[in-house]
Amino acid sequence: MTTTNEIADKIAVEHNLTKTQGKAIVEAVIASITQAAIAGNETSLPGFGKFKVKATPEREARNPATGATIKVAAAKKLAFTPAKALKDALNK
């Protein structure tokens with residue numbers, strides 16, 4: 001697993017920045033993607049993929065412990081679709 005701090009440190013080293021500056025950049029990118037998602041907008045990062053908000057409708061589910069039927073409220077989720085270049089790199 002890679003952490004935000006590890007990504008920030010790598011950016012700092014590769015671009016001759018301080019660790020604080022590297023972390024600020026990573027946090028700004030994450031905040032931008034988050035703000036776009038909250039607004040219902042898609043974020044496309046060419047060569048990497050797309051973050052898109054998807055709506056899930058209300059549905060019925062079963063409690064496995066009791067067998068009782070419950071309603072699961074409608075919700076939104078953030079889906080990531082990798083770009084072809086990323087899929088190809090993963091499957092080399």
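The values are calculated or read from the model by the stated rules, or taken from the named source; none is laboratory data. This is a predicted model, so every value here is computed, not measured. Areas reflect the complete protein model, heavy atoms only, side chains present, ligands, DNA and RNA absent. Shrake-Rupley method; radii C 1.70, N 1.55, O 1.52, S 1.80 Å.
Details
- Less than 5 angstrom separates the built amide H of Gly49 from those of Ala83, all sequence-distant by 5 or more or on a different chain.
- Lysines with Cα under 27 Å of Lys76, excluding same-chain neighbours fewer than 8 positions away: Lys50, Lys52, Lys54, Lys84, Lys87
- Among the protein heavy atoms of the range 15-92, carbon and sulfur supply 58% of the accessible surface, probe 1.4 Å, non-protein parts ignored.
- Reachable aspartates and glutamates from Lys77, criterion Cα separation under 16 angstrom, eight or more residues apart if same chain: Glu42, Glu58
- Whole-number accessible area per residue in Å² for the chain, which is evaluated in the context of all protein chains at 1.4 Å: 79 Å²
- Rounded to 10°, Cα long-axis angle of helix 4-14 versus longest principal axis of the chain: 20 degrees
- Reported value for the chain: 171 Å³ per residue, from the convex hull of its C-alpha atoms.
- Candidate cross-link partners of Lys10 among the lysines, defined by an alpha-carbon separation under 19 Å and a same-chain spacing of 8 or more, comprise Lys19, Lys23.
- With coordinates expressed along the principal axes, the C-alpha atoms belonging to the range 1-41 extend over 35, 22, 13 Å, beginning with the largest.
- The phi-based Karplus calculation (6.51 cos²θ - 1.76 cosθ + 1.60; θ = phi - 60°) puts the 3J(HN,Hα) values of the range 61-73 at 9, 10, 6, x, 6, 10, x, 6, 8, 10, 9, 9, 5 Hz, whole numbers, x for Gly and Pro.
- All alpha carbon pair distances within the range 47-91 were sorted into 5 Å bins beginning at 0; the resulting P(r) in whole percents reads 5, 18, 13, 13, 12, 11, 10, 11, 6, 1.
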